[in-house]
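Working notes for the structure below.
The values are calculated or read from the model by the stated rules, or taken from the named source; none is laboratory data. Since the model is a prediction, treat every value here as computed from it, not as a measurement. Note that we place each Cβ from the backbone using ideal geometry, even for glycine, and neighbour counts take in every protein chain shown.
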Amino acid sequence: MRFTPIILALLLFTACESDGRSGYRALDLTAYNIPVTIQAPDSARVVSGSLSGVIDDITVKSPADRFAVQILASDATTNDMARLKANELELVRDNRYFERIVTEEPQGFVFENKIDSISAYGFRYIIYRGDREIVFQNSFDGVFTLSEAEAMYNSVKPAQ
């Protein structure tokens, strides 16, 4: 069988395909009042705070891994996921540097901002849990490439 090595190589390649989670571990955020588990680098540090006592503000960061996710959780204004996502899309599109939506799914999206000729990518992923709206986004203290933004976006989505 001449094709056996080729077939074996193809099977190994597809088995090793990355979903943006390789090298990440499960990180349960329940202790921070966020009842979800995400994937994060082993070196990630969690910082917890509150905005006006109304919004839980959690940041999961690993500068060495170019990973910086901010999670905002508050009482939901609606249980309509389409409306929750539309609100986030509107906020992103209102940014004067907004360029385009790169990827869009029912609960989230990846987008591009362009400042002069420099592209910076970000994401939003929304979960409605109980009566709370939980928004995952890139933190604002870095400029991320498309692959970095996609890796963070995939890390906050539930495992398929």
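List the number of the failed condition for E90; all other conditions in (1) out of contact with any helix residue (DSSP H, G or I) (no Cβ under 6 Å at 6 or more places or on another chain); (2) closer than 16 Å to K157 by Cα hold. It fails just one condition, (2). In the range 132-160, of all residues being acidic (D, E) and assigned to a helix (DSSP H, G or I), the one that is nearest to the chain's Cα centre (by Cα) corresponds to E150. Is at least one residue of the range 88-108 aliphatic (A, V, I, L, M), at pLDDT 95 or above and not in a helix (DSSP H, G or I)? Within the range 88-108, one or more residues are aliphatic (A, V, I, L, M), at pLDDT 95 or above and not in a helix (DSSP H, G or I). Does at least one position in the range 50-66 carry a residue that is surrounded by 19 or more Cβ atoms within 10 Å (Cβ to Cβ) and closer than 17 Å to Q107 by Cα? The answer is no; no qualifying residue exists.
When the residues of the range 114-160 are filtered to those that are over 24 Å from R96 (Cβ atoms) and of a type in the set (D, E), which remaining residue is surrounded by the most Cβ atoms within 10 Å (Cβ to Cβ)? By that ranking, first place goes to E133.
Give, as residue ranges, the strands (runs of 3 or more DSSP E) completely inside the range 19-69 that count at least 1 residues that are more than 14 Å from the chain's Cα centre (by Cα). The qualifying strands (runs of 3 or more DSSP E) are 24-28, 45-51, 55-62. Summed over the range 54-81, the residues that are out of contact with any Ser or Thr (no Cβ under 9 Å at 6 or more places or on another chain) and at positive phi give a count of 0. Number of residues in the range 79-110 that are farther than 15 Å from I127 by Cα and of a type in the set (F, W, Y): the value is 2. The number of residues in the range 69-124 that are in contact (Cβ under 8 Å) with a residue 60 or more places away in the chain, within 13 Å of N138 (Cβ to Cβ) and hydrophobic (A, V, I, L, M, F, W, C) comes to 3.
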